[in-house]
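Trainee: Starting off with a structure, shown below.
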Amino acid sequence: MSFYVTTPIYYVNAQPHLGHAYTTIACDVLARHMRQRGEDVFFLTGTDEHGEPVADAAHALGIEPKELADRNAERFKALMPRLDVSNDFFIRTSDPEHEARVQQVLQRVHDNGHVYKGLYEGWYCPRCADFKVENEILEGNLCPIHEIELVREKEENWFFRLSTFQGPLEQLYAERPDFVMPRRHFNEASAFIAQGLQDVSLSRARLKWGVTVPWDPSHVFYVWFDALLNYYTALGYARPGEDLTDRYWPATYHVIGKDILKFHTVFWPAMLMAADIQVPDHVFVHGFLLGSDGRKMSKSLGNVLDPFEVIDELGTDALRFYLMRDVAFGSDGGVGMDAVRARYEAELANEYGNLASRTLAMILRYRDGNVPATATDSELTAEFDGLPEHVASLLDRAEPTQALEAIWQRVRRCNRYVEERAPWVLARDGGSAPQLDQTLASLAAGVRSLSVLLHPYMPASTARLLDALGEPEFAYSHASFPASVNEGRVSPLEPLFPKRGQ
């Protein structure tokens, strides 16, 4: 079975920031988990390089848009290994192969009769590269996303007959209540459609930085239509000499931020219908990361949490864990460096790291590094019963935060088990050897199960721990808590999450 997950592609008019890391890590968790389960996975990310925002940013620097795109695309590419992200392809919308496929698809939309030429006049946000309808505009004629004054623009464009797809979109939403997730964003998209759809601009005449309209070379495609198609076009050339479209399309999950909901939940499926292409399975919409002042993070507001600061101080796995743990995926939530440090100390160092260290140390000390081959404790087995299936069901619904909470409840349960069984007391009583064997075997089984489940979230740390347990295997079948364990051998391990200052 195939699983295809995408991030939105990121504008190259600025450098990477925490929001890019957040979305990309979430997609990586889903991709890694599905690979553990043996699914045929394709994970796409990349950069959105055309349109007015990029052209304006480049001209402000006194350079050409292509130079800015090349410069910042490399910064986004370099971000991926720093985040330990396992993407299968990185698309750039300036790729010639992408541009050619955009022209092919939109030529089909044209040939199917869904395009016409007309005069457009409206309020335009140059940073969104979007015309705003009246009920979207804030008081003072401001953009609802960027809170900058809108510009009145008028030009002759090619139009996409979005209004034609009013009925088909209503039918899609009626038949597929999980097409947009979570439900509140499904309702938001449905309400937008219910207001009545108006035709939208498909091209720009005065802009030159974009994909040329094949039936009218004096125009380039409006950046959103070019960008949205990346999810489809990438499959045609991601692997040289091979077209992966039939293998992976339609996408399982497009993961996006809520500020681009309209484009992905209304424009995108309508455009696919117009081109006779199947719509994706799901669009999952996550919320905003908020600064300490409760506002969306913005460099201009000075409330940004720098992902590189977190990585430099606490490591990549700490950033990955924090972003999936602290804010329920799909909701807005505040983040900050103090909160990162608090999670690191309380949960990574004191709970998971401490559980790992104690378990390995006690097996090394009391059994010379040999995991006892014996039955595990039925009480602890019951605590883990059904956990891998529950985690899988949550991640099937793109709920990584909820899945992580379910795992973490068992991390805490294993720590309580250590205190309840007190292996150091059992070790002093020669008659308690069977109980000590069972305790150590149960802890080894628990740590192994937890580490397999946590691997998509913290791949480097869990790999080190599973190696130390003598079981360097991430397949999901190893996430089950066994009724008994076979003898194995553990090795010493430096603290996974050293206390700060050590």
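The values are calculated or read from the model by the stated rules, or taken from the named source; none is laboratory data. None of the values given here were measured: they were computed from a predicted structure. FYI the Cβ positions are ideal-geometry reconstructions off the backbone, even for glycines, and counts take in every protein chain you see.
Trainee: For segment 35-52, name all the residues that are touching a strand residue (DSSP E or B) at 6+ places or on another chain (Cβ under 7 Å) and touching a residue at least 60 places away in the same chain (Cβ under 8 Å).
Mentor: Within segment 35-52, D40, F42, L44, G46, D48 meet the criteria.
Trainee: Turning to a different aspect of this structure: Does A349 count as surrounded by fewer than 22 Cβ atoms within 10 Å (Cβ to Cβ) and at pLDDT below 95?
Mentor: So A349 fails the test.
Trainee: Looking at this structure, is A238 surrounded by fewer than 20 Cβ atoms within 10 Å (Cβ to Cβ) and modelled with pLDDT of 95 or more?
Mentor: Yes; evaluated as a whole, the condition is true for this residue.
Trainee: Here are A26, A58: which of them is crowded, with 22+ Cβ neighbours inside 10 Å, assigned to a helix (DSSP H, G or I), small (G, A, S) and in the same structural domain as Q198 (by TED's automatic domain parsing)?
Mentor: Within the list A26, A58, the selection yields A26.
Trainee: Which pairs do you get when a residue that is assigned by TED's automatic domain parsing to the domain that holds T6, found in segment 269-281, comes within reach of a residue that is of a type in the set (K, R), reach meaning Cβ atoms under 6 angstrom, with the pair 6+ apart or on two chains?
Mentor: What qualifies is A275/R108.
Trainee: Picking from T252, T265, which residue would you name as being within 20 Å of D199 (Cα to Cα), surrounded by 22 or more Cβ atoms within 10 Å (Cβ to Cβ) and β-branched (V, I, T)?
Mentor: T265
Trainee: Among the residues of segment 154-170, how many are over 10 Å from I193 (Cα atoms) and not acidic (D, E)?
Mentor: 9
Trainee: E379 versus (1) at positive phi; (2) out of contact with any strand residue (DSSP E or B) (no Cβ under 9 Å at 6 or more places or on another chain): which is the lone unmet condition?
Mentor: (1)
Trainee: Given the criteria in the same structural domain as A205 (by TED's automatic domain parsing) and at positive phi, does D111 qualify?
Mentor: Answer is no for this residue.
Trainee: Confirm whether V223 is closer than 19 Å to A55 by Cα and modelled with pLDDT under 95.
Mentor: Here the answer is yes, as V223 does meet what is asked.
Trainee: Quick one: which helices (runs of 4 or more DSSP H) lie wholly within segment 391-487 and hold at least 1 residues that are assigned by TED's automatic domain parsing to the domain that holds S86?
Mentor: The helices (runs of 4 or more DSSP H) meeting that bar number zero.
Trainee: So which pairs qualify, if the first residue must be in segment 416-430 and surrounded by 10 or more Cβ atoms within 10 Å (Cβ to Cβ), the second must be of a type in the set (F, W, Y) and modelled with pLDDT of 95 or more, the Cβ gap must be under 9 Å, and the two must be at least 6 apart or on different chains?
Mentor: P423/Y366; W424/Y366; L426/Y366; A427/Y366
Trainee: One residue is enough: does segment 10-18 have a residue meeting the conditions within 30 Å of G315 (Cβ to Cβ) and in a helix (DSSP H, G or I)?
Mentor: Within segment 10-18 (the criterion being within 30 Å of G315 (Cβ to Cβ) and in a helix (DSSP H, G or I)), the answer is yes, since at least one residue qualifies.
Trainee: List the pairs whose first member sits in segment 69-92 and is outside the structural domain of A463 (by TED's automatic domain parsing), whose second member is surrounded by fewer than 17 Cβ atoms within 10 Å (Cβ to Cβ) and among the charged types (D, E, K, R), and whose Cβ atoms are under 6 Å apart, counting only residues at least 6 apart or on separate chains?
Mentor: F90/K77
Trainee: Which number in (1) crowded, with 24+ Cβ neighbours inside 10 Å; (2) at pLDDT 95 or above; (3) assigned to a helix (DSSP H, G or I) marks the one condition that E97 misses?
Mentor: Here E97 clears every test but (1).
Trainee: Check segment 366-375 and report whether any residue there is surrounded by 17 or more Cβ atoms within 10 Å (Cβ to Cβ), modelled with pLDDT of 95 or more and within 25 Å of R82 (Cα to Cα).
Mentor: Looking through segment 366-375, none of the residues is surrounded by 17 or more Cβ atoms within 10 Å (Cβ to Cβ), modelled with pLDDT of 95 or more and within 25 Å of R82 (Cα to Cα).
Trainee: Please report, ordered by residue number, the helices (runs of 4 or more DSSP H) entirely within segment 167-286 with at least 2 residues that are basic (K, R).
Mentor: Output list reads 183-194.
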